[in-house]
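The values are calculated or read from the model by the stated rules, or taken from the named source; none is laboratory data. Here the structure is a predicted model, which is why all the values come from computation and not from measurement. Positions of Cβ are generated from backbone atoms using ideal geometry, with glycine treated the same way; all protein chains shown enter the neighbour counts.
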Amino acid sequence: MVAVLEIVSFLEAEGHAAAAAAVRAKYASAKGLGIETRLVQSYAPMKDPYGSANMPIYQTATFAQESASEFGAYDYTRSGNPTRSALEKAVAEAEGCARCLAFSTGMAALAAVTRLAKSGDQILLSDDSYGGTYRLLDKVCASMGISTKYVAMDGPEGPARLGAAMTSKTSLVMVESPTNPMQRVCDLRGLAAVCKEHGALLEVDNTLMSPLLQKPLELGADVVVHSATKFICGHSDTMAGVVCVNDPTLGDRLYFSQNAEGTGLAPLDAWLALRGLKTMALRVEKAQANAAILADWLSSHPKVTNVFYATRDDHPDHALHATQATGGGCVVSFVTGDQALSKHVVTATTLFHITVSFGSVHSLISCPCDMSHASIPAEVRASRDFPEDIVRVCVGIEDPSDLVADLEQAFASYEAGKEYS
């Protein structure tokens, strides 16, 4: 343990606060077990009578009670289920939070967070956010009398811009860092300080980083959301979302919405997510190592004009990112200056699945303006400097040399002026 403390002290002295926190957290549990071990060893919240080595799937709608007046821990799966509870406990362990709630999708999780605002309130959303979040606030929340203002919260000036946008009606601030797919970095500590000064809640969508690479609650956030479909599940075979909090009152309010609206995660999906969680550390490590290789290769390609990846030295806020995260994740974006070329590269790859999402064992590729961010109007994208020719590569765990070769042949097969479908 002394050696660990020496490492922490060295990292802090060198200005690597996030790395120091990661080392400290790894050895902070009572047994001194690393998070990788704790995720694999995660256990059911109650003893299984048959000694199952894995959490069983409690595929039931109801739970029989002992009597008409004495009830057990569970009564109806909409309100709670042992398999879902096991997942929530394991994610809470990974995120380092007091309470986790598992939802049917990531959007259901985000929708529950917006229930923390009421009619007449204002939500401030980072102006570079996922298209689904934009749609939720712009259409659904607006119909409930909740207004939304979009603020550029990235970079060192982000907290000041947020402070200037705050009003007495602002109750909730929602942000991603890094953003998807532009990889813009927000000063989460600074944003949290501004929110506390004005009495607003700060929600951070931490999906791009996974629970392993960034801990927004430790940086001052009030609520953390993950689309568990991504890194947590990790196999593109189920959908889920989680909300993580430390404040008991917030947890109760979020649970009330979940139970009232019936958005809790189903037992089978919870079991699949729990299975994925056990290998998350390995998958995140491999995927982000591959992503760094592809980012370096793309940056040297003559047909690529810019690469977006938060840990690269040429990223304008890579130093800020290093103070709050311990890696870059698996998403790499690039632009070519030519929409036709970008679309051809996406179509011509053979190993990359053309689809939305990320954090899977498979590598994925897409043109965000036509897929994940299509719900944001083109004129709005333009006002936010969102390139129409941007390509998002969501890197999996394959051999990186195969991925590079596939992208190379896609670039090489492009003929300028030729019509491509």
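Listed here are the residues, each with its yes/no results for (1) at pLDDT below 95; (2) of a type outside the set (G, A, S); (3) closer than 24 Å to F231 by Cβ; (4) touching a Ser or Thr at 6+ places or on another chain (Cβ under 7 Å).
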| residue | (1), (2), (3), (4) |
| --- | --- |
| A295 | no, no, yes, no |
| P316 | no, yes, no, no |
| A325 | no, no, yes, no |
| V332 | no, yes, yes, no |
| T336 | no, yes, no, yes |
| V361 | no, yes, yes, no |
| I365 | no, yes, yes, yes |
Across the stretch 168-181, what is the total count of residues that are touching a strand residue (DSSP E or B) at 6+ places or on another chain (Cβ under 6 Å) and either touching a residue at least 60 places away in the same chain (Cβ under 8 Å) or of a type outside the set (D, E) (or both)?
-> 8
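How about the stretch 155-201: which of its residues are in a strand (DSSP E or B) and more than 26 Å from F308 (Cβ to Cβ)?
Start the filter on the stretch 155-201 by keeping residues that are in a strand (DSSP E or B), which leaves 155, 170-176, 186, 201.
Within the stretch 155-201, T170, S171, L172, L201 meet the criteria.
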Hey, among A160, A142, A165, which residue is modelled with pLDDT of 95 or more and in contact with a strand residue (DSSP E or B) (Cβ under 6 Å, 6 or more places away or on another chain)?
-> A165
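Residues in the stretch 62-89 that are within 30 Å of R38 (Cα to Cα) and of a type in the set (A, V, I, L, M): how many? Explain how you work it out, then say what you get.
Narrowing the stretch 62-89 to residues within 30 Å of R38 (Cα to Cα): 63, 72-89.
If we keep only those that are of a type in the set (A, V, I, L, M) too, we end up with 73, 86-87.
The qualifying residues number 3.
Take the residues in the stretch 54-112 that are of a type in the set (D, E, K, R) and more than 27 Å from the chain's Cα centre (by Cα), then tell me which one is modelled with the highest pLDDT.
Filtering the stretch 54-112 down to residues of a type in the set (D, E, K, R) leaves 66, 70, 75, 78, 84, 88-89, 93, 95, 99.
Narrowing the set further to residues that are more than 27 Å from the chain's Cα centre (by Cα) leaves 66, 70, 75.
On the way: E66: 90, E70: 90, D75: 96.
Only one residue tops the list, namely D75.
Scanning for something under 19 Å from L110 (Cβ atoms), crowded, with 18+ Cβ neighbours inside 10 Å, in the same structural domain as A86 (by TED's automatic domain parsing) and in contact with a Lys or Arg (Cβ under 6 Å, 6 or more places away or on another chain), does the stretch 211-224 turn up at least one residue?
Looking only at the stretch 211-224, we keep the residues that are under 19 Å from L110 (Cβ atoms), and these are 211, 214, 216-217, 221-224.
Those left that are additionally crowded, with 18+ Cβ neighbours inside 10 Å: 211, 214, 216-217, 221-224.
This time we only want the ones that are in the same structural domain as A86 (by TED's automatic domain parsing), so: 211, 214, 216-217, 221-224.
From what's left, in contact with a Lys or Arg (Cβ under 6 Å, 6 or more places away or on another chain): none.
No: the stretch 211-224 contains no residue that is under 19 Å from L110 (Cβ atoms), crowded, with 18+ Cβ neighbours inside 10 Å, in the same structural domain as A86 (by TED's automatic domain parsing) and in contact with a Lys or Arg (Cβ under 6 Å, 6 or more places away or on another chain).
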